[in-house]
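Remarks on the structure that follows.
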């Protein structure tokens, strides 16, 4: 008996990294998954983004758990495409009980790229807004509550990320996600839909563990210090974020809403 | 395999209410329990506090789960007695992994009128008593060499102002500072420290006439039915209160390895009360 038997989870950025981990962890607890990912490069992002093969791997891992998954390539910036991807999943699996707005980019590198501010705001903030907006009406209409988790960051509570446009945009977007969460928590409480954020420190994923990001972090001593955790651990694993999300979306947290939950090895508290 | 299998948890205020629920929930998931409670009255508290029979009931419920429990009557204000109770429990159960600093009291009054004794008792139990529990536990946690998890019971009133319980608000805010500092000091030893901030919980601490009057000062003898509107008004989710088990589930999560990298966090379990 899983904690999420019979539930459906809509997950953005599900091709790899945290998103894939969430899909697998929730499927282990009985959930079916509607997965979307861009599976394409965005020009201002210097590290390799997800591929179609990545998303296929997520599908394989969820199906290996005997759960169903409907996966679609869609860009969270494109409301219509995102709606179509969600609707396709609903047609097969039913309305989402759980929504994980996880897709995000980190356009930080040694050289400023055109449009990095706008891209990170579009994906990390507007993409989160779009994700809630495409799912909300069906959840409200069904009237059985639900749980939404928005993936923010330690950069959603602290002024870190550096002074380049992409870093500033990242921090601004991740802070903005907290505002979205609080408003949605208040707006959707009457429908018993809970909304919370998670705030990871550095996570062992392709977004962080790549040459571009490591060069960027190493170049600025202030930056690497800004990444130092209180607990003696350099990074946390994707499953640690998945476990926090699993708790938040399960009935164990049925009265938890409007909460910013750091999973940050004490990083924020150390500031 | 339970989520805290083989671990030992120290719980203050374990005779009833949230504390008993924590003992039972952790025992369900495989933990042995060291339980303490004052089992007596404090004069400034306007409702009946726990009794030896309450603590005996906690023992019974934990033992019914085939877990071990060492229970002692001790006042968290008395560091020596508290330490002795804990040391005895660790001696019997062999280790310490989890601390639930849960014991707390409440009384009512506006700050300009509050008797000094009510202020002092509440600070002594709700703030100093929590520090005592942590101070007594830290050497045992360190001695285990495997880290540990301390969970402090603060309150929604640890994050926001509430009228007529200013001493309680002050103590519960103080717990956030205590939690944050302990989290920093103990991080190198992989001992995590977090606080839970509940909204109103369905326990004996709220089900008494003085508490009811806090919510309905306009009525002479309010009953629980008179509370529906003000209680709903506190929360964003359409519930009057949460159950002790909801707080226990948060405690269990924070105490387990599922939260192995969560520390220094005030975690509201508050039906959206603070965000509202």
Among (1) assigned to a helix (DSSP H, G or I); (2) in contact with a helix residue (DSSP H, G or I) (Cβ under 8 Å, 6 or more places away or on another chain); (3) away from every other protein chain (no Cβ under 11 Å) - the single one residue A:205 does not satisfy: (1)
Residue B:203 passes all but one of (1) assigned to a loop (DSSP other than H, G, I, E, B); (2) over 19 Å from residue B:48 (Cβ atoms); (3) touching a helix residue (DSSP H, G or I) at 6+ places or on another chain (Cβ under 9 Å); which number fails? (2)
Restricting region B:255-265 to residues that are outside any loop (DSSP other than H, G, I, E, B) and surrounded by fewer than 24 Cβ atoms within 10 Å (Cβ to Cβ), which is nearest to the other protein chains (Cβ to nearest Cβ)? B:258
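Return a yes/no flag: does region B:208-219 have any residue that is within 8 Å of chain A (Cβ to nearest Cβ) and touching a residue at least 60 places away in the same chain (Cβ under 8 Å). Steps first, please.
Here is the first cut: in region B:208-219, the ones within 8 Å of chain A (Cβ to nearest Cβ) are none.
The answer is no, given that none of the residues of region B:208-219 is within 8 Å of chain A (Cβ to nearest Cβ) and touching a residue at least 60 places away in the same chain (Cβ under 8 Å).
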Just to verify a result, which residue in region B:51-67, among those that are closer than 11 Å to residue B:32 by Cα and in contact with a helix residue (DSSP H, G or I) (Cβ under 6 Å, 6 or more places away or on another chain), is surrounded by the fewest Cβ atoms within 10 Å (Cβ to Cβ)? B:65
Considering every residue within region B:225-242, establish whether at least one is within 11 Å of another protein chain (Cβ to nearest Cβ), at pLDDT 95 or above and closer than 25 Å to residue B:27 by Cβ. yes
Since residue B:272 meets every condition but one in (1) within 8 Å of another protein chain (Cβ to nearest Cβ); (2) surrounded by fewer than 24 Cβ atoms within 10 Å (Cβ to Cβ); (3) within 10 Å of residue A:255 (Cβ to Cβ), which condition does it not meet? (2)
What do you reckon, is residue A:256 under 24 Å from residue A:21 (Cα atoms), more than 7 Å from chain B (Cβ to nearest Cβ) and modelled with pLDDT of 95 or more? no
Just one of (1) closer than 20 Å to residue A:177 by Cβ; (2) touching a residue at least 40 places away in the same chain (Cβ under 8 Å) trips up residue A:74, so point out which. (2)
Counting just the residues of region A:228-253 that are surrounded by fewer than 17 Cβ atoms within 10 Å (Cβ to Cβ) and under 18 Å from residue A:154 (Cα atoms), which one comes out nearest to the other protein chains (Cβ to nearest Cβ)? A:232
Odd one out for residue A:268 among (1) surrounded by fewer than 24 Cβ atoms within 10 Å (Cβ to Cβ); (2) at the interface with chain B (Cβ under 7 Å from one of its Cβ atoms); (3) over 20 Å from residue A:179 (Cα atoms): (3)
Only one of B:239, B:169 that is part of a loop (DSSP other than H, G, I, E, B), over 14 Å from the mean Cα position of the chain (by Cα) and surrounded by 20 or more Cβ atoms within 10 Å (Cβ to Cβ): B:239
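Which one is nearest to the chain's Cα centre (by Cα), of the residues in region B:178-191 that are at the interface with chain A (Cβ under 7 Å from one of its Cβ atoms) and closer than 13 Å to residue A:229 by Cα?
B:183
Out of A:181, A:223, A:207, I need the residue that is modelled with pLDDT under 95, within 29 Å of residue B:187 (Cβ to Cβ) and crowded, with 19+ Cβ neighbours inside 10 Å. Which one?
A:207
Per-residue answers, yes or no, for (1) free of Cβ contacts under 8 Å to residues at least 40 places away in the same chain; (2) under 27 Å from residue B:259 (Cα atoms); (3) in a loop (DSSP other than H, G, I, E, B):
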{"position": "B:70", "(1), (2), (3)": "yes, yes, no"}
{"position": "B:96", "(1), (2), (3)": "no, yes, yes"}
{"position": "B:100", "(1), (2), (3)": "no, yes, no"}
{"position": "B:105", "(1), (2), (3)": "no, no, yes"}
{"position": "B:111", "(1), (2), (3)": "no, no, yes"}
{"position": "B:118", "(1), (2), (3)": "no, no, no"}
Among the residues of region B:139-156 satisfying the criterion of being surrounded by fewer than 23 Cβ atoms within 10 Å (Cβ to Cβ) and touching a helix residue (DSSP H, G or I) at 6+ places or on another chain (Cβ under 7 Å), which is nearest to residue B:34 (Cα to Cα)? B:140
Qualifying positions in region A:161-187 - in contact with a strand residue (DSSP E or B) (Cβ under 6 Å, 6 or more places away or on another chain) and at the interface with chain B (Cβ under 9 Å from one of its Cβ atoms): A:181, A:185
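The values are calculated or read from the model by the stated rules, or taken from the named source; none is laboratory data. These numbers come from a predicted model, not from an experiment. Cβ coordinates were reconstructed from backbone atoms using ideal geometry, including for glycine residues, and neighbour counts include every protein chain displayed.
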